[in-house]
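Q: Got a structure for you, questions after.
The values are calculated or read from the model by the stated rules, or taken from the named source; none is laboratory data. Because the structure is a prediction, the values reported are computed rather than measured. As a convention, Cβ positions derive from the backbone with ideal geometry for all residues, glycine included, and neighbour counts pool all protein chains shown.
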Amino acid sequence: MSTLLTRVRQKQIGQMIDAGKRLDGRTLTDYREFTIEEGLIERAEGSARIRLGKTDVLVGVKIETGEPFPDTPNDGVLTVNAELVPLASASFEPGPPDENSIELARIVDRGIRESKAVSSDKLVIESGKKVFVVFVDVYVLNHDGNLIDASALAAVAALTNAKMPNYEIEDGEVKTKTGYSPLPMKSHPITVTIAKINDKLVVDPQIEEEQVLDARISMAVNDEGNICAIQKGCAGSFTPQQIIEASKIAQEKAAEIRKKLDW
Amino acid sequence: MSEKPEKLIDKKGIRLDGRKADELRPLKIEVGVLPNADGSAYIEHGKNKILVGVFGPREMHPKHLSQSDRMVIRCRYHMAPFSVQERKSPAPSRREVELSKVIRESLEPSVFVDLYPRSGIDVFIEVLQADGGTRCASITAASLAIADAGIPLRDLVVACAAGKIDDTVVLDLYDAEDKLGVADVPVAYMPNLNAVTLLQMDGVLTPKEFENAMNMAIDGCKKIYPIQKEALRAKYMAAREELKEEVEE
């Protein structure tokens, strides 16, 4: 996902990071300022838009009824999909999801699923036959780096303000009634991404930093401060010591974000 | 899953398949098994049976994907329809697309890609039978197949998972433990460079448990590494024997 970056610029980023500084004046462990706007899409059951630096991601949640998976008759269904919309970056092209958008969707999915953020047992209408299906659609509107954290945060925010239609069963048919109840949530996972640049760990990489990074690691932290999902990405490596250090940073940053959002 | 056993690990620390907590499944690795591929390897890791073929370095198709200063690595992880309990559609699933990506990224740090500008290699991974931990076994075999193709490497990449079942952190989860367990942490590692090239996790672990699991997985990698190297050596020993016989004739 690269837009071109001159060698001079690449070198500059590396040298600054060696000196503990960054292009936008942050320290290596500073997270960018972000704002989350909730419920802006009235047609969707839940929605949230995050602006993390200039990264802009909109998440819409649609809730429909459908069949459960045969192996989990007593759980609702949650699916996450991500679209790298072409208007968000010169490097995004129209077409079916590529591996970058599939990876993004699966990282967001894993954070929500493994932390059991949504109480899926409360989404059952009739065991084995009818359940609520929750579609989480991540829509990237502007790419300025760290789509993973932005998407994960916006997805949880959108689920938090999502409303479930009330229903009643009439002659074996599910009829929706007027009114809504909130989507049952158990946890609010927060995903923190850390890049390795020049052998240094850098929190929340912006877009130019993403183009010089050797590797990145994303960790989802649940309400208890435990880690519930990890994904290392890009063609570089970490030492085991760096991973432990990254996990400590991720927990600190997640706690910071949690406090700010009051989750 | 039909019924969940009450315990995945008993009081004596013995798992459902009879292993101890830090015990690997039996491994069998062979190098140079596909005549048409430039490099190949076959691995049996427990009931996993995985075949890897490498083609290249060769000209990239389509050409615009080639890079002027380096070789491009492409990787396809694919599961055979008959490899799992319920037939899997042969079309690539989202899981397979993601795994292809993370496997490729786990192998890339080991390859001297700048030695082969404008060219590419294709790594084709076919899971013939799956029993949990296929991505790790795939990486162990794929690294060997790349070495078998004669491509210079910084180190072999070897992979192994650790995880948590019931309350215990254990090595190398098999299918049932993966599905019913608490967490799974696959790790790929280059032992000579002390570099982790793949790390994923799903499930909930405390920071301490995570550290234990990662270290246990790395220890598992270190145990597989000599078996992996021996498989590569065995192929060349066999070739040498053949050559000797020819000379004697």
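Q: I'm trying to understand the selection: among the residues of the stretch A:88-105, which are within 9 Å of chain B (Cβ to nearest Cβ) and more than 19 Å from A:Ile63 (Cα to Cα)?
A: Step one: filter the stretch A:88-105 for residues within 9 Å of chain B (Cβ to nearest Cβ), giving A:97-100, A:102-103, A:105.
Hits for the stretch A:88-105 are A:Pro97, A:Asp98, A:Glu99, A:Asn100, A:Ile102, A:Glu103.
Q: Can you go through B:Asn215, B:Asn194 and tell me which one is within 13 Å of chain A (Cβ to nearest Cβ), at positive phi and out of contact with any Asp or Glu (no Cβ under 7 Å at 6 or more places or on another chain)? Show your work before the answer.
A: Numbers: B:Asn215 fails: at positive phi.
Selected residue: B:Asn194, the only one of B:Asn215, B:Asn194 that is within 13 Å of chain A (Cβ to nearest Cβ), at positive phi and out of contact with any Asp or Glu (no Cβ under 7 Å at 6 or more places or on another chain).
Q: When you scan the stretch B:23-64, how many residues do you find that are outside any loop (DSSP other than H, G, I, E, B), surrounded by fewer than 20 Cβ atoms within 10 Å (Cβ to Cβ) and out of contact with any Gly (no Cβ under 7 Å at 6 or more places or on another chain)?
A: Residues of the stretch B:23-64 that are outside any loop (DSSP other than H, G, I, E, B), as a first pass: B:27-31, B:39-45, B:48-59, B:63-64.
With the extra rule that they be surrounded by fewer than 20 Cβ atoms within 10 Å (Cβ to Cβ), the set shrinks to B:27-28, B:30, B:44, B:55, B:58-59, B:63-64.
From what is left, the residues that are out of contact with any Gly (no Cβ under 7 Å at 6 or more places or on another chain) are B:27-28, B:30, B:44, B:55, B:59, B:63-64.
Residues in the stretch B:23-64 being outside any loop (DSSP other than H, G, I, E, B), surrounded by fewer than 20 Cβ atoms within 10 Å (Cβ to Cβ) and out of contact with any Gly (no Cβ under 7 Å at 6 or more places or on another chain): 8 in total.
Table: residues versus (1) in contact (Cβ under 8 Å) with a residue 12 or more places away in the chain; (2) within 24 Å of B:Lys222 (Cβ to Cβ); (3) assigned to a strand (DSSP E or B).
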position: B:Glu126; (1), (2), (3): yes, no, yes
position: B:Ser138; (1), (2), (3): yes, yes, no
position: B:Ala162; (1), (2), (3): yes, yes, yes
position: B:Val170; (1), (2), (3): yes, yes, yes
position: B:Leu173; (1), (2), (3): yes, yes, no
position: B:Asp178; (1), (2), (3): yes, yes, no
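Q: Considering each of A:Ser101, A:Ser91, A:Ser47, A:Ser120 in turn, give the residue that is among the small types (Gly, Ala, Ser) and touching an Asp or Glu at 6+ places or on another chain (Cβ under 6 Å). Talk me through it step by step, then tell me what you get.
A: On the way: A:Ser101 fails: touching an Asp or Glu at 6+ places or on another chain (Cβ under 6 Å); A:Ser91 fails: touching an Asp or Glu at 6+ places or on another chain (Cβ under 6 Å); A:Ser47 fails: touching an Asp or Glu at 6+ places or on another chain (Cβ under 6 Å).
Every option except A:Ser120 fails the conditions.
Q: Kindly indicate whether any position in the stretch A:209-222 is aliphatic (A, V, I, L, M), more than 8 Å from chain B (Cβ to nearest Cβ), in contact (Cβ under 8 Å) with a residue 24 or more places away in the chain and over 30 Å from B:Gly181 (Cβ atoms).
A: Yes.
Results for (1) of a type outside the set (Phe, Trp, Tyr); (2) outside any strand (DSSP E or B); (3) buried (at least 24 other Cβ atoms within 10 Å of the Cβ), shown as yes or no for each residue.
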| position | (1), (2), (3) |
| --- | --- |
| A:Lys116 | yes, yes, no |
| A:Asp121 | yes, yes, no |
| A:Gly128 | yes, yes, no |
| A:Val133 | yes, no, no |
| A:Asp137 | yes, no, no |
| A:Asp144 | yes, yes, no |
| A:Ser151 | yes, yes, yes |
| A:Ala154 | yes, yes, yes |
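Q: Further question on the same structure: Is it the case, given these coordinates, that A:Pro94 is in contact with a Pro (Cβ under 8 Å, 6 or more places away or on another chain), of a type outside the set (Phe, Trp, Tyr) and either in a strand (DSSP E or B) or surrounded by fewer than 22 Cβ atoms within 10 Å (Cβ to Cβ) (or both)?
A: On the way: in contact with a Pro (Cβ under 8 Å, 6 or more places away or on another chain): yes; of a type outside the set (Phe, Trp, Tyr): yes; either in a strand (DSSP E or B) or surrounded by fewer than 22 Cβ atoms within 10 Å (Cβ to Cβ) (or both): yes.
The answer is yes for A:Pro94.
Q: Okay, next question. Restricting to the stretch B:97-141, what's the tally of residues that are under 25 Å from B:Ser68 (Cα atoms) and within 14 Å of chain A (Cβ to nearest Cβ)? Write out each step before concluding.
A: Kept after step one, since they are under 25 Å from B:Ser68 (Cα atoms), are these residues of the stretch B:97-141: B:100-124.
If we keep only those that are within 14 Å of chain A (Cβ to nearest Cβ) too, we end up with B:100-114, B:121, B:123.
Counting residues in the stretch B:97-141 that are under 25 Å from B:Ser68 (Cα atoms) and within 14 Å of chain A (Cβ to nearest Cβ) gives 17.
Q: Residues A:Lys260, A:Lys253: which one is more than 7 Å from chain B (Cβ to nearest Cβ), surrounded by fewer than 16 Cβ atoms within 10 Å (Cβ to Cβ), modelled with pLDDT of 95 or more and over 20 Å from B:Val158 (Cβ atoms)?
A: Numbers: A:Lys253 fails: surrounded by fewer than 16 Cβ atoms within 10 Å (Cβ to Cβ).
After ruling out the rest, the residue left standing is A:Lys260.
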